[in-house]
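The values are calculated or read from the model by the stated rules, or taken from the named source; none is laboratory data. Predicted, not measured: the structure shown is a model, and the values here were computed from it. Backbone-built Cβ (ideal geometry, glycine too); neighbour counts: all protein chains shown. Note: accessible area is taken over every heavy atom of the protein model, side chains too, but ligands, DNA and RNA are not part of it. Shrake-Rupley method; radii C 1.70, N 1.55, O 1.52, S 1.80 Å.
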Amino acid sequence: MFQKAQIYNIANVVGLMAASFKGPMTTPLKVAGTGFILGQLMFVSPLYYQAAKGKIESKIKFMVPLGGTAMMAAWISLMLV
């Protein structure tokens with residue numbers, strides 16, 4: 001689980017760097033940057049938590065699909081630029 005979290009973490013960092021170096025901050029780039037940050041907080045962080053503790057608590061389990069959706073929206077928004 002820790003390796004999956006690292007892969008998603010690296011993908012988020014690469015996407016966030018691509019969004020920041022793309023040029024002037026347009027709306028799709030702002031959406032992409034926000035999506036990558038939300039994806040990091042809501043998708044990758046629970047994966048690290050699961051790797052450390054062995055399971056995800058029900059309090060944070062609802063965040064994982066929302067974070068994954070934010071990451072997908074960020075990549076799509078970055079492709080549209």
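Tell me, please, whether a residue that is buried (at least 19 other Cβ atoms within 10 Å of the Cβ), in a helix (DSSP H, G or I) and in contact with a Leu (Cβ under 9 Å, 6 or more places away or on another chain) can be found in the range 14-22. Reasoning before the result, please.
Here is the first cut: in the range 14-22, the residues buried (at least 19 other Cβ atoms within 10 Å of the Cβ) are 15-16, 19.
The next check asks that each one be in a helix (DSSP H, G or I); those that pass are 15-16, 19.
Narrowing further to those that are in contact with a Leu (Cβ under 9 Å, 6 or more places away or on another chain): 15, 19.
Within the range 14-22, one or more residues are buried (at least 19 other Cβ atoms within 10 Å of the Cβ), in a helix (DSSP H, G or I) and in contact with a Leu (Cβ under 9 Å, 6 or more places away or on another chain).
Can you work out which of the residues in the range 50-81 that are of a type outside the set (S, T, N, Q) and within 9 Å of the chain's Cα centre (by Cα) is most open to solvent (accessible area, probe 1.4 Å)?
Result: Met72.
Say whether the condition of being loosely packed, with under 14 Cβ neighbours inside 10 Å and not in a helix (DSSP H, G or I) is met by at least one residue in the range 25-44.
Looking for residues that are loosely packed, with under 14 Cβ neighbours inside 10 Å and not in a helix (DSSP H, G or I), one finds at least one in the range 25-44, hence yes.
Looking at (1) under 21 Å from Val81 (Cα atoms); (2) in contact (Cβ under 8 Å) with a residue 12 or more places away in the chain, which is the only condition Met25 fails?
Only one criterion is unmet by Met25, namely (2).
Restricting to the range 38-64, name every residue that is under 26 Å from Ala18 (Cβ atoms) and free of Cβ contacts under 8 Å to residues at least 24 places away in the same chain.
Ser45, Pro46, Met63, Val64
Which number in (1) in contact with a Pro (Cβ under 9 Å, 6 or more places away or on another chain); (2) surrounded by 14 or more Cβ atoms within 10 Å (Cβ to Cβ); (3) among the aliphatic types (A, V, I, L, M) marks the one condition that Leu47 misses?
(1)
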